[in-house]
Amino acid sequence: MLTTCPHCGTRSPASSDACGGCGRALYPLTAPPPPPPFKFRTRTNYVRLGITLGVMALLVGAGTSSGILMNRDDASDDRADHKVSQYKMVDTGASPEPSPTTASASPKVKEEKKKKVKPASPTPSPSKTSSSPPPKPEPTKDPGPQLPAGFHTVVDDHGFSLAVMEGWQRQELSPTQVGYMAPTGDQYLHVSEVEGAPKASFIRFLETEQAMQQSGNDYSRITLAHNTFQGDNGARWEFTYVPESGEQMHVVQQAYIDGQGTEYTIYFETAERLWDSQKSQVFSTALDTWKQP
């Protein structure tokens, strides 16, 4: 261990009495004096110890009292819950316990009750029905009027259709008129179509009748009247006359004007000698089966 000279600053061993540099005396290093002996102060220590113990006692007492108060609160809550539960009626679904008289019933009575009680038969489960609706029946097509023997339906190139006698031949008489002729040539069926008819069918028939009356061909009216044909206004005209051939002819025709202003005329002519209930059937069948374009 070294020591420093306070005069010249030279460091010399601590055990040296003089500085190795300047030769001056050094202050020897001495150990620090020991501390004074501890004196136990009895009165002061007792006071401090009493204060410490008092604080600890207060802390312990406060914790104990708080625990007791909490226990009292819990107990009071339990008593309150117990009082409330006495007035609650809980429906547990369980049947009440049998009374002592019921429990003490003889085994024979129990067995008789068991014999009387029959097990309930299982209820049949409802059969499952199909959720899909039943199929709707298809609408039956209207077959139309029943055709007499010897007739058949024709669909003309002009778009209309009707029934004529078998064997009759079609003839294009004009751009607006079509005829179906019998093989004998003494009777025929005409269909005419006039777009934008300028007047009613009845008025046209009247004007044509006046011209025939003036022609001197022995014209004779059978009927001329307004009527309705397939929901449209029309007229029916029936008469006899004698053409240049000299043979009396029988004529019947039905005309009407549709909603678009087109006039259709169905005309039938035959020799008077052939006119009877069978021949008039040609005209009535044509009207019954008529369908315009």
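The values are calculated or read from the model by the stated rules, or taken from the named source; none is laboratory data. For clarity, every value in this text was computed on a predicted model and none was experimentally measured. Note: ideal-geometry Cβ built from the backbone for every residue, glycine included; neighbour counts use all protein chains shown. Ligands, DNA and RNA are stripped out before the accessible areas are found, and what is left, the full protein with its side chains, is counted by its heavy atoms. Shrake-Rupley method; radii C 1.70, N 1.55, O 1.52, S 1.80 Å.
Some points to look at:
- Residue count for region 240-272 satisfying the condition of being charged (D, E, K, R) and out of contact with any Asp or Glu (no Cβ under 8 Å at 6 or more places or on another chain): 2.
- Residue within region 228-239 that is acidic (Asp, Glu), modelled with pLDDT of 95 or more and within 25 Å of PRO293 (Cβ to Cβ) present: yes
- For region 173-199, the candidate set comprises residues that are within 58 Å of the chain's Cα centre (by Cα) and open to solvent by 80 Å² or more (accessible area, probe 1.4 Å); within that set, the residue that is farthest from ILE266 (Cα to Cα) is PRO198.
- Cβ-Cβ under 7 Å pairs, at least 6 apart or on other chains, region 213-240 side under 23 Å from GLU193 (Cβ atoms), far side surrounded by 12 or more Cβ atoms within 10 Å (Cβ to Cβ) and charged (D, E, K, R): LEU224/GLU209; ALA225/ARG236; ASN227/ARG236; ASP232/ASP258; PHE239/ARG221
- Residue match in region 186-208 (condition: touching a His at 6+ places or on another chain (Cβ under 7 Å), of a type in the set (Asp, Glu), farther than 22 Å from TYR256 by Cβ and in a loop (DSSP other than H, G, I, E, B)): no
- Under the condition of being open to solvent by 40 Å² or more (accessible area, probe 1.4 Å) and modelled with pLDDT under 95, the residues counted in region 261-273 number 2.
- Applying the condition of being under 58 Å from the mean Cα position of the chain (by Cα) and closer than 18 Å to THR285 by Cβ to region 158-172 and asking which residue is most open to solvent (accessible area, probe 1.4 Å) yields GLU166.
- All positions within region 248-264 that are over 19 Å from GLN177 (Cα atoms) and of a type in the set (S, T, N, Q): GLN248
- Residues in region 139-154 that are surrounded by 11 or more Cβ atoms within 10 Å (Cβ to Cβ) and aliphatic (A, V, I, L, M) were compared, and the one that is modelled with the lowest pLDDT is LEU147.
- Matching residues, region 190-240, being small (Gly, Ala, Ser), within 20 Å of VAL178 (Cβ to Cβ) and touching a strand residue (DSSP E or B) at 6+ places or on another chain (Cβ under 7 Å): SER192, ALA197, SER201, GLY234
- Residue within region 218-227 that is at positive phi, open to solvent by 70 Å² or more (accessible area, probe 1.4 Å) and not polar (S, T, N, Q) present: yes
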